[in-house]
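Below is one structure; the comments refer to it alone.
The values are calculated or read from the model by the stated rules, or taken from the named source; none is laboratory data. If you're wondering where the values come from, they're calculated on a predicted model, not measured in any experiment. Every residue, glycine as well, gets a Cβ built from its backbone with ideal geometry; the counts of neighbours run over all protein chains shown.
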Amino acid sequence: MADDTSAMANALAHPSHWQPAWRHAGWTVLGNTGIALALTVSTREGFWVNWVYSQCIGLAIWALIDLGRYALNHQGWPGPWRMSALVLAGTLAGYALGSAVGSFLLGRPLGSLMRLPEGTGGFLLLSLAAAGAATFVFTQRGLLAHARLEQAQAQQQASEAQLRLLESQLEPHMLFNTLANLRALIATDPPRAIDMLDRLNAYLRATLAASRADAQAHTLAREFERLDDYLALMAVRMGPRLRYRLNLPPELAAHPLPPLLLQPLVENAIRHGLEPAVAGGEIEVGAAQEGGALRLTVRDSGVGHDGPPQAGFGLTQVRERLQTAYGNAAQLDWRSAAGHGSQATLTLPLQTPATPRP
Amino acid sequence: MNATALIAEDEPLLAAALQAELARAWPDLRVLATAGDGETALSQALALQPDLLFLDIRMPGLSGLEVAEELADAWPSGQPLPVLVFATAYDQYAVKAFEAQALDYLLKPVQAERLAVTVQRAQAALAQRRQGLDDPTLQRLRALLAAAPEPAPAHGRLRVIQASVGQTLRLVPVDEVLVLQAADKYVRVLTAQDELLVRTPLKELLARLDPEAFWPIHRGTVLRATAIERVERTEAGRLVARLRQRPEPWPVSRLHEARFRAM
């Protein structure tokens, strides 16, 4: 209970919760006035008396329900059943409270409303209907606004992630050094220059395609082709300092994969593992089926790193993409030790191969 | 006698390409060697003493800037430093710093017209090379390193150094620290009687210490200013600092000599 109270206090302390609450109060006052008008037409009571009672009862019911929903759920959306119970209880309590306050304000004896010839039941039913209708409308509007906000946030997160992916792939250092090597090869070894240009072409095309939301059906086979392009470009640059192996079992070739998911891990292996190593080293990328899981590994024999991964390692970005694509069903494990290289392991749910598109 | 050069570049094709372009732009220049990593570049430069040194910034081992710093330090006094030309594919900050200190640099891919400008500048510099403290290369390098950005202090000033010794965590007030010295993967923290090892890199520690209280005197050494008793010049012409409370001599690098001048 203490938790509920503090949750409610938190919710109420939040200005974004107050804005809809005041709007709800405004509509309640307007609705109460309408009810008072209708009662004035249909009963012998004067408009002023009806208006005071309507406002007191209506506002009491509104306050109990609008505050009560934060007591039941810190976001203010307790769900349909608890909400219905809240409307019923809030109406009864609000009716009793509001009629007492109204009687006090009008200088009438307490409970005088109860003795009106039309009977209490009619008023109660009227209050219940009004409260139920208002709650339904407010809740639907609130939920809709909430859903829109969440959708907008999700879209923004997705586009930010795509932008970061694009930035990391089109790293200027990689691009300009590759162009410098290409320039050197054009003069000395034209056939190799052409091969390098073709691979750069494929790499850039895949990078731009992956950064778009409507990326085509991507498979492990395509992913490994792109890694081969990237590693071949790096091998031209690094010469004998880079050796690499790609092991993709044929039965996993058609397995679907978010495009360039492994790319940042291979880049890490180069940038933080092999580039700082004077003698260079080896990179091995593998895929294997283990039970119901797909296991992808990127291993390097570079300098390694003690302690937790540093901010620039791009692991957060990979984890975000895993979360988007697989929820909690996928894992990224990263191990490294100074002098012993690093290994990143992705564990994904094994999926039935996508049917080939016509 | 023909001018000599050393090329430090870790990508073999780029090293060969630069050498080929240089052969066209400066036929009389003799390229003595190419080095594929920072440490080889440093030892080769010290051994071969070229007139001109092309230094790639990103290299395994030592970076181009670190090679320059170590070279200035280990270079025999009485000999002018080589003319330095840095090379980078895309280091925006470094490029600005080089421009500010009038140090020459090449952007990769290297283009013939731009290389011709570098050749002209290097020839002019070699023609009027001076030695000693007034060596223009040394002055520019010193200004470059002084202008290097300090990493922003992450958690404010450091008051206590925490070092694990076996299963124990030892705490030493920064006020008692006399020397910080980078050693392999550790930093040695020396007080009057004690020595501890911490894993935090020296650069990170330095960013959280008062720059008035702790003076860098070498690439890997920082001394508490008030603990220094005297600074003497050895017979080899090098400066050495001595502390009041510790017996070891602390060599001052040529890049940091300017700090020690009589008032």
Taking B:V110 as the residue in question, decide whether it is surrounded by 14 or more Cβ atoms within 10 Å (Cβ to Cβ), of a type in the set (A, V, I, L, M), without any contact (Cβ under 8 Å) to a residue 24 or more places away in the chain and within 14 Å of another protein chain (Cβ to nearest Cβ). no
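Pull up segment B:76-100, narrow it to residues that are part of a helix (DSSP H, G or I) and within 14 Å of another protein chain (Cβ to nearest Cβ), then point me to the one that is farthest from the chain's Cα centre (by Cα).
Top of the filtered list is B:Q92.
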Restricting to segment A:236-275, count the residues that are in contact with a helix residue (DSSP H, G or I) (Cβ under 9 Å, 6 or more places away or on another chain) and either within 14 Å of chain B (Cβ to nearest Cβ) or aliphatic (A, V, I, L, M) (or both). 23
One residue from A:G302, A:G273 being crowded, with 20+ Cβ neighbours inside 10 Å, in contact (Cβ under 8 Å) with a residue 60 or more places away in the chain and in contact with a Ser or Thr (Cβ under 9 Å, 6 or more places away or on another chain): A:G273
Taking segment A:70-88 and keeping only residues that are in a helix (DSSP H, G or I), of a type in the set (A, V, I, L, M, F, W, C) and either within 12 Å of A:C56 (Cα to Cα) or touching a residue at least 12 places away in the same chain (Cβ under 8 Å) (or both), one is left with A:A71, A:L72, A:M83, A:L86, A:V87, A:L88
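Results for (1) crowded, with 17+ Cβ neighbours inside 10 Å; (2) in contact with a strand residue (DSSP E or B) (Cβ under 8 Å, 6 or more places away or on another chain); (3) not in a strand (DSSP E or B), shown as yes or no for each residue.
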site: B:L197; (1), (2), (3): no, yes, no
site: B:D210; (1), (2), (3): no, no, yes
site: B:L223; (1), (2), (3): yes, yes, no
site: B:V231; (1), (2), (3): no, yes, no
site: B:E235; (1), (2), (3): no, no, yes
site: B:P251; (1), (2), (3): no, yes, no
site: B:E257; (1), (2), (3): yes, yes, yes
site: B:A262; (1), (2), (3): no, no, yes
Those residues of segment A:341-358 which are at pLDDT 90 or above and more than 29 Å from the chain's Cα centre (by Cα) amount to A:G341, A:S342
Regarding segment A:164-172, can at least one residue be identified that is within 32 Å of the chain's Cα centre (by Cα), under 20 Å from A:R226 (Cα atoms), assigned to a helix (DSSP H, G or I) and at the interface with chain B (Cβ under 9 Å from one of its Cβ atoms)? yes
Can you name the residue in segment A:319-338 that is aliphatic (A, V, I, L, M) and outside any helix (DSSP H, G or I) and is also nearest to the other protein chains (Cβ to nearest Cβ) among such residues? A:A338
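Here is a yes/no grid of residues against (1) in contact with a Leu (Cβ under 9 Å, 6 or more places away or on another chain); (2) closer than 27 Å to A:L242 by Cα; (3) basic (K, R); (4) surrounded by 20 or more Cβ atoms within 10 Å (Cβ to Cβ):
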| residue | (1), (2), (3), (4) |
| --- | --- |
| B:A16 | no, yes, no, no |
| B:Q19 | no, yes, no, no |
| B:A41 | yes, yes, no, yes |
| B:D51 | yes, no, no, yes |
| B:D56 | yes, yes, no, yes |
| B:M59 | no, yes, no, yes |
| B:E70 | yes, no, no, yes |
| B:D91 | no, yes, no, yes |
| B:A102 | no, no, no, no |
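When you go through B:L196, B:L202, B:L138 one by one, which is the residue that is in contact with a Gly (Cβ under 9 Å, 6 or more places away or on another chain) and under 29 Å from A:P308 (Cβ atoms)?
Of the residues listed, the single one that is in contact with a Gly (Cβ under 9 Å, 6 or more places away or on another chain) and under 29 Å from A:P308 (Cβ atoms) is B:L202.
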Going through segment A:42-59 in order, the residues found to be assigned to a helix (DSSP H, G or I), within 15 Å of A:L106 (Cβ to Cβ) and free of Cβ contacts under 8 Å to residues at least 60 places away in the same chain are A:F47, A:W48, A:V49, A:N50, A:W51, A:V52, A:S54, A:Q55, A:C56
Looking only at residues that are farther than 21 Å from B:A41 by Cα and crowded, with 20+ Cβ neighbours inside 10 Å in segment A:276-293, which one is nearest to the other protein chains (Cβ to nearest Cβ)? A:I283
Out of B:L55, B:L18, B:L6, I need the residue that is away from chain A (no Cβ under 14 Å), touching a residue at least 40 places away in the same chain (Cβ under 8 Å), closer than 23 Å to A:M174 by Cβ and in contact with a helix residue (DSSP H, G or I) (Cβ under 9 Å, 6 or more places away or on another chain). Which one? B:L55
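Matching residues to (1) within 30 Å of A:A38 (Cβ to Cβ); (2) in a helix (DSSP H, G or I); (3) of a type in the set (V, I, T); (4) free of Cβ contacts under 8 Å to residues at least 24 places away in the same chain:
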residue: A:G132; (1), (2), (3), (4): yes, yes, no, no
residue: A:G142; (1), (2), (3), (4): yes, yes, no, no
residue: A:Q155; (1), (2), (3), (4): no, yes, no, yes
residue: A:L182; (1), (2), (3), (4): no, yes, no, yes
residue: A:A187; (1), (2), (3), (4): no, yes, no, yes
residue: A:A209; (1), (2), (3), (4): no, yes, no, no
Looking only at residues in segment A:268-294 that are charged (D, E, K, R) and not in a strand (DSSP E or B), which one is farthest from B:T40 (Cα to Cα)? A:R271
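Every residue, every condition in (1) at pLDDT 90 or above; (2) within 23 Å of A:H255 (Cα to Cα); (3) surrounded by 14 or more Cβ atoms within 10 Å (Cβ to Cβ); (4) more than 14 Å from chain B (Cβ to nearest Cβ), yes or no:
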{"position": "A:N177", "(1), (2), (3), (4)": "yes, no, yes, no"}
{"position": "A:L182", "(1), (2), (3), (4)": "yes, no, yes, no"}
{"position": "A:R192", "(1), (2), (3), (4)": "yes, no, yes, no"}
{"position": "A:L200", "(1), (2), (3), (4)": "yes, no, yes, no"}
{"position": "A:T207", "(1), (2), (3), (4)": "no, yes, yes, yes"}
{"position": "A:H218", "(1), (2), (3), (4)": "no, yes, yes, yes"}
{"position": "A:E223", "(1), (2), (3), (4)": "yes, yes, yes, yes"}
{"position": "A:L227", "(1), (2), (3), (4)": "yes, yes, yes, yes"}
{"position": "A:A232", "(1), (2), (3), (4)": "yes, no, yes, no"}
Among the residues of segment B:65-75, what is the count of those that are more than 17 Å from B:P251 (Cβ to Cβ) and away from every other protein chain (no Cβ under 14 Å)? 2
Is there a residue in segment A:49-69 that is modelled with pLDDT under 85 and among the aromatic types (F, W, Y)? no
Can you tell me which residue is farthest from B:A182 (Cα to Cα) among those in segment B:101-127 that are assigned to a helix (DSSP H, G or I) and not aliphatic (A, V, I, L, M)? B:E113
Taking the condition within 27 Å of B:D56 (Cα to Cα), out of contact with any Pro (no Cβ under 6 Å at 6 or more places or on another chain) and either assigned to a loop (DSSP other than H, G, I, E, B) or among the aliphatic types (A, V, I, L, M) (or both), does A:L265 pass? yes
Could you check segment B:161-206 and list, in sequence order, the residues that are over 28 Å from the mean Cα position of the chain (by Cα) and β-branched (V, I, T)? B:V165, B:T168, B:V172
Those residues that are touching a strand residue (DSSP E or B) at 6+ places or on another chain (Cβ under 9 Å) and surrounded by fewer than 21 Cβ atoms within 10 Å (Cβ to Cβ), I need them from segment B:23-33; list them, please. B:A23, B:L29, B:R30, B:V31, B:L32, B:A33
